[in-house]
Amino acid sequence: MSLFDELRAARAELHEAIEQIQLIPGYERFLAPVEMDEISAAADHPLVYLTASDDAGVALVVRGDRVDSVPLPALRTAPLREWAERHREHFPTAGSRGAAQRGGWDRHLADLRDRLWEAVAEPLLADLSGVPHASLVPCGLVGLLPVHVAGYRDSTRPTGFRYLIDDLSIGYVPNARALAASRRRAASTPTGRLLTVADPQASAPADRLPYARWEAQVAAATFPGPVTQLCGPDATVERVRADLPTAWLAHFGCHGNAEPTDPLRSALRLAGDGRLHLSDIMPMRLTLRLAVLSACSAFVPGRDLPDEVISLPTGLVQAGAAGVLAPMWPVDDHTTALLMTEFYRRWRIECPQSPATALAGAQRWLRDATVAEVEQQWVRALDAHEAWLPEEAAEALLPHLFRSGSGDSRPWSSPAVWAAFAFTGA
């Protein structure tokens, strides 16, 4: 079956899933058509709808009551289908270690970087010059691709490339209504606790995430309120279900399963082979400022379903989370711990930033840093007893640094490494 036929079948399944969700009390208007006044009210920063067509694509940039049309001549349906097919073909499987597969994924993302720059980022940045942040609503096949990977060759940059995130931090949203709701929640007074879930499958050697508990410790070190930490066998479905509704911040260092053709079955994998499904989360009425889904294949757009509007991240947003960080493809445990440590430093410690801005900054840092620079930054933080870097976490993470490369190397410069995480919401 061709990708086009699969997408058409998935679209029918998507409508059926939406109808099922709309039967849940409180979700009667889930993904109902959005009116223009709702779109205008949500656009306190540019809200960008990206769509392709047979002849040329377009970006509709909404700024309050003003809507600008930005032509995207290279965003045409036929090549976009080819890019999506290759994205699915090269997509890495969780736990894959083969050099051939890693090399194919790296080459695919490098090709996608160039194509997305020409088709989307370059014309869009010309319209958004000087704008620090925008929310993207990728429509149709565009929703299958990581737009933030877009970049071009630039010899003045440490890695030899300049990327979209060097000029613009972005968040993905399913629609304007979800963005408006996320903004209202993000502006509310911080209350509640931090919930961390770390390495819940510790008893299964193949599924271990040994660095996840140190990520959780870093998150706790930057959080001023009460903390509930669930680690290993304590991170059961029952405990998480009980503690999640009262959390303001939730950090999940665990594996996940995305089910694009049956999105309500997408799940976080917890202790004892338990599964917390999206269908369990959506009725909870959460009050989360942020959910971090770390080191798990939780987002994974681009396999079968167009417009990933019922993925784990967007489902969490619908359930009450203002924002969600999640990887779009499988990620390395140690590298994720480095990225998350820098993210929490920027979001919670350095002059407070929005989660999307802090993520973009952390990704730039990881992409451009040498092994020696990371070591030096962390050693200085330890010497100064800076709160964002607990000594135990640093002692666990630092020894692995030089397994990544020599001191002057930049082992995290590939988009396959630094660009895996994306932000959904506000």
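The values are calculated or read from the model by the stated rules, or taken from the named source; none is laboratory data. Every value quoted in this text rests on a predicted model; they were computed, and no experiment measured them. Here the Cβ is made from the backbone with ideal geometry for all residues, glycine too, and neighbour counts use every protein chain on show. Surface areas here come from the heavy atoms of the whole protein model, side chains and all, with no ligands, DNA or RNA. Shrake-Rupley method; radii C 1.70, N 1.55, O 1.52, S 1.80 Å.
Can you give the FRET efficiency to the nearest 0.05 for residue 85 and residue 152, using r as the Cβ-Cβ distance and R₀ = 22 Å?
Values: r = 24 Å, r/R0 = 1.07.
With R0 = 22 Å, the Cβ-Cβ based efficiency is 0.40.
How much accessible area per residue does region 111-269 have, in Å², with a 1.4 Å probe? Kindly include the intermediate steps, with their values, before the conclusion.
Details: 6000 Å² over 159 residues.
Averaged over the residues of region 111-269, the accessible area is 38 Å².
Per the 1.4 Å probe, what fraction of the accessible area of region 83-216, in percent, lies on carbon and sulfur atoms? Walk me through the numbers before you get to the answer.
On the way: 2770 of 5500 Å².
In region 83-216, the share of accessible area belonging to carbon and sulfur is 50 percent.
How many nm separate the modelled label positions at residue 372 and residue 101, each set 7 Å beyond the Cα in the direction of the Cβ?
Going from the residue 372 label point to the residue 101 one covers 3.6 nm.
Place a point 7 Å from Cα of residue 133 in the direction of its Cβ. Which residues in region 350-383 have their backbone N less than 18 Å from it?
The answer is 350-365, whose backbone nitrogens lie closer than 18 Å to the label point.
Mind giving me the FRET efficiency for residue 208 and residue 68? R0 is 51 Å, r the Cβ-Cβ distance, nearest 0.05 is fine. All intermediate terms of the calculation are to be shown ahead of the outcome.
On the way: r = 50 Å, r/R0 = 0.97.
Efficiency, rounded to the nearest 0.05: 0.55.
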